[in-house]
């Protein structure tokens, strides 16, 4: 074996070792908020993460639309699909969707590639929600706070913005969706929303008990099929993550995107590789 080929073999072996050690088991403490702006989800654009398909979007009349369509909040024709809303499984567990932001300390890079279409279990730690949990898929990104782990729950009538996305999608006044940073004021106000959104609006007052900014402990979980069926999005590393959490981490094969993000804080540059190969 020549020196060059020997060095190449060692480098490849190093990558294998690093790949086997990288953990996708993100967890920590987070704050939660709520939103519903009717815009095309950020994780609905191509190239955001290593997934089978980006999160699906809909036309104004709730039909699937091309992934290339622009957001209706900026003159395009793609909007959030109403089916991507929360629902109760029982008195203590709900499923849903969220805009997510995880800090660099958690994911090593704080980019959408780390969280788009991943699922997380939120175990609420503040009243009145102690003892309740949600499993949410990251269908969007919470851009406006980047100093803490954050899950902004997608809840119709839960919040609104100055962007008139919902008015554009449904042809009604934006005021129907409530006030900026607050949403609708009462459960009765949910009856003014489009019919497809009313039950999730009511969920906010029933299951979520109209909690404002509840805190939670979060951990990544394998996405339930009931959730991914509503977005059409599954991460390519979900099977790797399932192996890791079932005790088969030695068989894990993380995606190249996660390897190059250097979750372990170890990076091998192209220049470094070239230098090694010349030894």
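The values are calculated or read from the model by the stated rules, or taken from the named source; none is laboratory data. Keep in mind the model is a prediction, meaning the values are calculated, not measured. Because the Cβ atoms are built from the backbone with ideal geometry, glycine has one as well, and the counts that use them run over all protein chains shown.
Here are some notes:
- Looking across segment 178-189, the residues that are touching a helix residue (DSSP H, G or I) at 6+ places or on another chain (Cβ under 9 Å) and either within 16 Å of residue 142 (Cα to Cα) or outside any loop (DSSP other than H, G, I, E, B) (or both) come down to 183, 187, 189.
- Of all the criteria given as (1) crowded, with 22+ Cβ neighbours inside 10 Å; (2) touching a helix residue (DSSP H, G or I) at 6+ places or on another chain (Cβ under 8 Å); (3) at pLDDT 95 or above, the one not satisfied by residue 154 is (2).
- Checking each residue in segment 197-222 for being part of a loop (DSSP other than H, G, I, E, B) and either over 16 Å from residue 32 (Cβ atoms) or touching a strand residue (DSSP E or B) at 6+ places or on another chain (Cβ under 7 Å) (or both) picks out 206, 207, 213, 214, 222.
- Conditions (1) part of a helix (DSSP H, G or I); (2) under 21 Å from the mean Cα position of the chain (by Cα); number of the one not met by residue 175: (2)
- Selection from segment 66-95 of residues that are under 16 Å from residue 42 (Cα atoms) and not in a loop (DSSP other than H, G, I, E, B): 71, 72, 73, 74, 78, 79
- Filter result (in a helix (DSSP H, G or I) and within 24 Å of the chain's Cα centre (by Cα)) within segment 143-172: 165, 166, 169
- The listed residue being surrounded by 21 or more Cβ atoms within 10 Å (Cβ to Cβ) and either under 18 Å from the mean Cα position of the chain (by Cα) or at pLDDT below 95 (or both), out of 56, 47: 56
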